[in-house]
Amino acid sequence: MHDFEFAAGSVVGHDHLRAAKNGHDAWHIESTDAALVAVVCDGCGSASDSEIGAKLAAPIVARALAACGSDWSAATGEIASKLGAMIAVTGRPEAFLFTILAAVINDDRTTIVARGDGSFVLNDEVTTLGPFPGNAPPYFRYEPRLDVLRTLPTLQVERLVLGTDGAPAHEPWTGDRYFANPDAIRRALFRLQPNDDATIVAIRRRR
């Protein structure tokens, strides 16, 4: 999918820094001849080692979505199978509590799927997922499914931003400066000093 370019960044939130915790966010981009897939994951902050599960899961989710196209049932099964194998090996199911927000861009269609909270901007339309009661979003491990939130012809996509729940996805993340420097989004997020971990993946049509 060479019609699009991407930029991304992530920072640890101040609440986690004050509590001497790692960041629990993760992101991954998978680019093939057939699709460009962007994924952001947010591990459960109260669960042990969930930052590890989120970082392991993000590439698994992206590769499954890239391989399965628009067969969301097949993609869900592939993700659940691989995560189940990891849980069996590690014996740490609590480490694999995380949310998923993903964009799948292929030649014909662009689709946003999710399990949990976060936000996304598609062209100029902002969508926020959550908050959920008790700050407890639905995690994929508890209910392994992906909800299709938006789908449209790829020819209509100019800009797309995915953000975890701690990130201000509505900021103009698709500006030139964020694509000129691979560290620009992280630096901008750091200056905003978010309380929660914050991760942004920005995608735009090549100029």
Within segment 61-118, residues surrounded by 20 or more Cβ atoms within 10 Å (Cβ to Cβ), more than 13 Å from the chain's Cα centre (by Cα), among the hydrophobic types (A, V, I, L, M, F, W, C) and under 18 Å from Tyr139 (Cα atoms) come out as Ala64, Ala75, Ile79, Leu83, Ala95, Phe96, Leu97
Taking segment 143-179 and the residues there that are of a type in the set (A, V, I, L, M) and under 17 Å from the mean Cα position of the chain (by Cα), the one that is modelled with the lowest pLDDT would be Ala169
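Table: residues versus (1) among the aliphatic types (A, V, I, L, M); (2) at pLDDT below 95.
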| position | (1), (2) |
| --- | --- |
| Ile52 | yes, yes |
| Ala74 | yes, no |
| Ala80 | yes, no |
| Gly84 | no, no |
| Glu94 | no, yes |
Report yes if Ala169 is buried (at least 21 other Cβ atoms within 10 Å of the Cβ), under 19 Å from Val12 (Cα atoms) and without any contact (Cβ under 8 Å) to a residue 60 or more places away in the chain, otherwise no. yes
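Mind telling me which of the residues Val121, Val148, Val126 ends up being surrounded by 20 or more Cβ atoms within 10 Å (Cβ to Cβ), of a type in the set (A, V, I, L, M, F, W, C) and not in a loop (DSSP other than H, G, I, E, B)? So that I can check it myself, show each step before the final result.
On the way: Val148 fails: surrounded by 20 or more Cβ atoms within 10 Å (Cβ to Cβ); Val126 fails: surrounded by 20 or more Cβ atoms within 10 Å (Cβ to Cβ).
Only one candidate qualifies: Val121.
Does Ala180 count as without any contact (Cβ under 8 Å) to a residue 24 or more places away in the chain, surrounded by fewer than 14 Cβ atoms within 10 Å (Cβ to Cβ) and not basic (Lys, Arg)?
On the way: without any contact (Cβ under 8 Å) to a residue 24 or more places away in the chain: yes; surrounded by fewer than 14 Cβ atoms within 10 Å (Cβ to Cβ): yes; not basic (Lys, Arg): yes.
It is true that Ala180 is without any contact (Cβ under 8 Å) to a residue 24 or more places away in the chain, surrounded by fewer than 14 Cβ atoms within 10 Å (Cβ to Cβ) and not basic (Lys, Arg).
Got a sec? Which of Thr90, Thr76, Thr32, Thr99 is in contact with a helix residue (DSSP H, G or I) (Cβ under 9 Å, 6 or more places away or on another chain), within 20 Å of Pro131 (Cα to Cα) and among the hydroxyl-bearing types (Ser, Thr, Tyr)?
Values: Thr90 fails: within 20 Å of Pro131 (Cα to Cα); Thr76 fails: within 20 Å of Pro131 (Cα to Cα); Thr32 fails: within 20 Å of Pro131 (Cα to Cα).
Result of the check over Thr90, Thr76, Thr32, Thr99: Thr99.
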Cβ pairs under 9 Å, 6+ apart or interchain, first in segment 137-152 and under 24 Å from Leu122 (Cβ atoms), second surrounded by fewer than 13 Cβ atoms within 10 Å (Cβ to Cβ) and among the acidic types (Asp, Glu), ordered by first then second residue, are Arg150/Glu125
Considering segment 1-24, residues that are at pLDDT 95 or above and either in contact with a Phe, Trp or Tyr (Cβ under 8 Å, 6 or more places away or on another chain) or closer than 18 Å to Ala167 by Cα (or both), and then whichever is surrounded by the most Cβ atoms within 10 Å (Cβ to Cβ), we arrive at Val11
Filtering segment 180-207 down to residues that are modelled with pLDDT of 95 or more, part of a loop (DSSP other than H, G, I, E, B) and either acidic (Asp, Glu) or touching a Cys at 6+ places or on another chain (Cβ under 9 Å) (or both) yields Asp183
Any residue at all in segment 108-124 that's farther than 27 Å from Cys68 by Cβ and either free of Cβ contacts under 8 Å to residues at least 40 places away in the same chain or touching a strand residue (DSSP E or B) at 6+ places or on another chain (Cβ under 9 Å) (or both)? yes
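The values are calculated or read from the model by the stated rules, or taken from the named source; none is laboratory data. Source: prediction; values computed, not measured. So basically every Cβ, Gly included, is an ideal-geometry build from the backbone, and we count neighbours across all protein chains shown.
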